[in-house]
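Visitor: Starting off with a structure, shown below.
The values are calculated or read from the model by the stated rules, or taken from the named source; none is laboratory data. Quick caveat: nothing in here was measured; it's all calculated off a predicted structure. Cβ placement follows ideal geometry from the backbone for every residue including glycine, while neighbour counts extend to all protein chains displayed.
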Amino acid sequence: MKIGVLGGTFDPVHLGHIRMAEEARDALKLDQVILVPAGQPMSKPNRPITSSEHRISMLNLALKDKPHLTISTIETERTGPSFTIDTIAALQHKYGAGAEIYFILGWDSLEQLPEWRDPARLAAMCRLVAVPRPGYSRPDMKTLERKIPGISKNVIFLEKPNIDISATATREKVARGESIDQLVPGPVAEYIKKHKLYRAAGGKP
């Protein structure tokens, strides 16, 4: 079984997230892609994160008609900071030795991988599927290889999608009273409006 894993705060989930998951699934013939909303990500220790209940509800709405995309609440149920290495280890245990894990991340995140917890172990546990991000160059693998020996053999580069959508820009548009209909699935836009999310700057509910 080939399983893709896409983590993030999904605050809110947007069309870029969906396209990233679907592109990886199609390109690599994955059986399913699991979207994993973070609890309190270590990369954003000081930014207020919308409650996991809201973020999971928006994910459920976004994925309602996409059975090949599923949600895991493993990180929001875990106390303390979210570390990718712990999540991948837990998913490997859940699905067994026969499962191949493909961790989907942006080119920017791949470049920052040496700063993550236990990056060499993470790179050995799964395939790293690197997806382009607007404004970021393709990481230099020679540099990464010096910092994480052996990583090269476990990295797969995708050349698309290259969608210029971010959760930060989406929250800022909501705060300014602008439409986000082109950025998020319709039901997610309605949910944000109904629950008055992101009305304050910084993404606070």
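Matching residues to (1) farther than 18 Å from LEU183 by Cα; (2) within 15 Å of the chain's Cα centre (by Cα); (3) among the polar types (S, T, N, Q):
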{"position": "ALA24", "(1), (2), (3)": "yes, yes, no"}
{"position": "LYS29", "(1), (2), (3)": "yes, no, no"}
{"position": "GLN40", "(1), (2), (3)": "yes, yes, yes"}
{"position": "GLU53", "(1), (2), (3)": "yes, no, no"}
{"position": "ALA62", "(1), (2), (3)": "no, yes, no"}
{"position": "THR73", "(1), (2), (3)": "yes, yes, yes"}
{"position": "THR76", "(1), (2), (3)": "yes, yes, yes"}
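Visitor: Of the numbered conditions (1) of a type outside the set (Phe, Trp, Tyr); (2) in contact with a Cys (Cβ under 8 Å, 6 or more places away or on another chain); (3) over 19 Å from CYS126 (Cα atoms), ILE56 satisfies every one except a single condition; which is it?
Guide: Tallying (1) of a type outside the set (Phe, Trp, Tyr); (2) in contact with a Cys (Cβ under 8 Å, 6 or more places away or on another chain); (3) over 19 Å from CYS126 (Cα atoms), ILE56 fails exactly one: (2).
Visitor: Restricted to the stretch 1-45, and to residues that are over 21 Å from GLY96 (Cβ atoms) and among the charged types (D, E, K, R), which residue is modelled with the lowest pLDDT?
Guide: LYS44
Visitor: Go through the residues of the stretch 149-156 one by one and say whether even a single one is touching a strand residue (DSSP E or B) at 6+ places or on another chain (Cβ under 7 Å), assigned to a helix (DSSP H, G or I) and either in contact (Cβ under 8 Å) with a residue 12 or more places away in the chain or of a type outside the set (Phe, Trp, Tyr) (or both).
Guide: Looking for residues that are touching a strand residue (DSSP E or B) at 6+ places or on another chain (Cβ under 7 Å), assigned to a helix (DSSP H, G or I) and either in contact (Cβ under 8 Å) with a residue 12 or more places away in the chain or of a type outside the set (Phe, Trp, Tyr) (or both), one finds at least one in the stretch 149-156, hence yes.
Visitor: Among (1) out of contact with any Ser or Thr (no Cβ under 7 Å at 6 or more places or on another chain); (2) surrounded by 14 or more Cβ atoms within 10 Å (Cβ to Cβ), which single condition is SER137 missing?
Guide: With (1) out of contact with any Ser or Thr (no Cβ under 7 Å at 6 or more places or on another chain); (2) surrounded by 14 or more Cβ atoms within 10 Å (Cβ to Cβ) applied to SER137, the lone miss is (2).
Visitor: Follow-up question, since we're still on this one. Looking only at the stretch 68-80, decide whether some residue is touching a residue at least 12 places away in the same chain (Cβ under 8 Å) and on the phi > 0 side of the Ramachandran plot.
Guide: Yes: the stretch 68-80 contains one or more residues that are touching a residue at least 12 places away in the same chain (Cβ under 8 Å) and on the phi > 0 side of the Ramachandran plot.
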